[in-house]
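The values are calculated or read from the model by the stated rules, or taken from the named source; none is laboratory data. As the structure is a prediction and not an experimental result, all values here were calculated from the model. Ideal geometry is used to build each Cβ from the backbone, glycine not excepted, and the neighbour counts take in all protein chains shown.
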Amino acid sequence: MFNNNNKSDRHFSSGSGSGATIISTGTTVKGDISSDGDFRIDGTIEGNITSNAKIVIGHSGIVQGDLLGQQADIVGKVNGNIRVKDLLQLRGDAVVNGNIYAGKLQVEPSATFNGQCFMGANVVEMNNNESQTALQ
């Protein structure tokens, strides 16, 4: 479905299959993405990502938008806010420019984070409700 350098201005929604959705290196997707399963980005996403499972941003992955998921493991770059209900890991040379709302946060010494951090399950849920109300 996605080839290298594939560009799309549509909303992409992954099915409820048990496999992970992968955006490979060299691929650029423009638009919001939602998935019921795990999601791995090694390419570039220009839009928001929502997943009911785990989001992984690989070493070459770049996201220009917000992340919302159950868990996230970031090694690449994110320019946007991150909302994770459970554990958010910033590993390796990760670079995050935006606010973080997470149940739990783990940051390796080599990772870079510029923004505000809000922790605790109640903070994540409250912020999600406020975001949905603002969109209506």
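Do you know which residues across the range 70-101 are under 21 Å from THR25 (Cβ atoms) and surrounded by fewer than 23 Cβ atoms within 10 Å (Cβ to Cβ)? It would help to see each step written out before you state the result.
Of all residues in the range 70-101, those under 21 Å from THR25 (Cβ atoms) come to 72-80, 89-96.
ASP73, VAL75, GLY76, LYS77, ASN79, GLY80, GLN89, ARG91, GLY92, ASP93, ALA94, VAL95, listed by residue number.
Looking at the range 98-122, which of its residues are in a loop (DSSP other than H, G, I, E, B) and either under 10 Å from ARG83 (Cα atoms) or among the polar types (S, T, N, Q) (or both)?
Residues satisfying the conditions are ASN99, SER110, GLN116.
Hey, can you tell me all the residues within the range 34-54 that are without any contact (Cβ under 8 Å) to a residue 24 or more places away in the chain, out of contact with any Ser or Thr (no Cβ under 7 Å at 6 or more places or on another chain) and among the β-branched types (Val, Ile, Thr)?
ILE45, ILE49, listed by residue number.
Please state which one of ILE41, ILE55 is under 19 Å from LEU105 (Cα atoms), at pLDDT 95 or above and buried (at least 23 other Cβ atoms within 10 Å of the Cβ). Quick ask: steps written out before the conclusion?
Values: ILE41 fails: under 19 Å from LEU105 (Cα atoms).
Exactly one residue qualifies, and that residue is ILE55.
What about THR133, is it β-branched (Val, Ile, Thr) and either surrounded by 14 or more Cβ atoms within 10 Å (Cβ to Cβ) or modelled with pLDDT of 70 or more (or both)?
So THR133 fails the test.
Only residues that are hydroxyl-bearing (Ser, Thr, Tyr), at pLDDT below 90 and surrounded by fewer than 17 Cβ atoms within 10 Å (Cβ to Cβ): list them for the range 15-38, please.
Residues satisfying the conditions are SER16, SER18.
Any idea how many residues of the range 57-94 are in a strand (DSSP E or B) and under 19 Å from ASN114 (Cα atoms)?
Going through the range 57-94 one residue at a time, the tally reaches 19.
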